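K.L.:
My structure is below; once you've seen it, I'll send some questions.
The values are calculated or read from the model by the stated rules, or taken from the named source; none is laboratory data. In this text the structure is predicted, and so the values were computed from the model without any measurement. Note that each Cβ is placed from the backbone with ideal geometry, even for glycine, and that neighbours are counted across all protein chains shown.
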Amino acid sequence: MNKKTIDGDNNKNPDHKFSGIPLPKPFLIWQSKARLEAFKKMKKNHSGAVRTMPAHLPVLATFGEGDFPVNLTTRGIGLLPKSEVIKEITNDLESTIRETKGKPWPETLSQRLTSIRKFYENPDLFDETRLGGLEIFEGQTLKNLKSNSRAALLYTGAAPAYASYQFNGVVQLINQDDPCYRFLLAARELFAQDAFHIHQIYYPYGYLFYPVEIKDKTPFPRRAH
């Protein structure tokens, strides 16, 4: 895959350009397996059976001013479909939302899981160039990104593998008319009332995170010298 040039969008250095790099295959496979395992657990038990979702909740670092410029937060940031299929996948999710609206939430879980699983069980559909998430609180993270689009993500998976990746990159804020925002919103609203979510009524922006540097932080057995 060719490297993509990304505008740094940094007020202090507006001409700074970065070269984007693809997400590593092991990360994409881990994301897929982690989601599918969570869906399996939800279907077998109930949505409340999912107590944590490390594959969806990395630590996001953004940069501000002052003696301690780093701001840390946990954000839901995950995979996006490729541009050539994102509209079709989003349409399917939105159709499921309409079909299940007004019905008892637990009774529609199986249908909703089937809809989202079509995406996550097919890695060929994954966009390898970027990740996405939704802005909710409009706090320090958003303030920082508006003046400095550089950010870092740290994903850490569960035992026994403890898959862990640090991505340094650039964040692009997107509005509600962007196809990626539409997908992110549909994927969120599909499970908005389930126990593992704090329900929200408004998402002012979306995030697109373009990786520029990747560090595999997965632990391994250290051998004696």
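K.L.:
Within the set of pairs 6+ apart or on separate chains, which have a first residue in region 181-209 that is loosely packed, with under 15 Cβ neighbours inside 10 Å, a second that is at pLDDT 90 or above, and C-beta atoms under 7 Å apart?
P.N.:
Hits for this filter: Gln200/Ile136; Pro204/Glu135; Pro204/Glu138.
K.L.:
Which residues, counting only those in region 130-149, are farther than 15 Å from Arg75 by Cβ and surrounded by fewer than 20 Cβ atoms within 10 Å (Cβ to Cβ)?
P.N.:
Lys146, Ser147
K.L.:
Ok, one more. Select from region 76-135 the residues that are more than 15 Å from Ser32 (Cα to Cα) and hydroxyl-bearing (Ser, Thr, Tyr) and write down the one among them that is nearest to the chain's Cα centre (by Cα).
P.N.:
Thr129
K.L.:
Residues of region 30-85 being without any contact (Cβ under 8 Å) to a residue 60 or more places away in the chain, within 20 Å of Ala151 (Cα to Cα) and either of a type in the set (Val, Ile, Thr) or part of a loop (DSSP other than H, G, I, E, B) (or both), which ones?
P.N.:
Once the filter is applied, which keeps residues that are without any contact (Cβ under 8 Å) to a residue 60 or more places away in the chain, within 20 Å of Ala151 (Cα to Cα) and either of a type in the set (Val, Ile, Thr) or part of a loop (DSSP other than H, G, I, E, B) (or both), region 30-85 yields His56, Leu57, Glu65, Gly66, Asp67, Phe68, Pro69, Val70, Thr74, Leu79.
K.L.:
Among the listed residues Ser19, Ser32, Ser47, identify the single one that is hydroxyl-bearing (Ser, Thr, Tyr) and at pLDDT below 85. So that I can check it myself, show each step before the final result.
P.N.:
Numbers: Ser19 fails: at pLDDT below 85; Ser32 fails: at pLDDT below 85.
Step by step, each of Ser19, Ser32, Ser47 is checked, and only Ser47 is hydroxyl-bearing (Ser, Thr, Tyr) and at pLDDT below 85.
K.L.:
While we're looking at this one, here's another question. Would you confirm whether any residue within region 101-116 is closer than 28 Å to Ala151 by Cα and either among the acidic types (Asp, Glu) or modelled with pLDDT under 95 (or both)?
P.N.:
Taking every residue of region 101-116 in turn, none turns out to be closer than 28 Å to Ala151 by Cα and either among the acidic types (Asp, Glu) or modelled with pLDDT under 95 (or both).
K.L.:
If I ask for residues that are within 23 Å of Lys17 (Cα to Cα) and either over 16 Å from the mean Cα position of the chain (by Cα) or buried (at least 20 other Cβ atoms within 10 Å of the Cβ) (or both), which ones from region 153-164 would you list?
P.N.:
Passing the criteria: only Leu153.
K.L.:
For Ile116, work out the one condition from (1) closer than 24 Å to Thr52 by Cα; (2) outside any helix (DSSP H, G or I) it doesn't fulfil.
P.N.:
(2)
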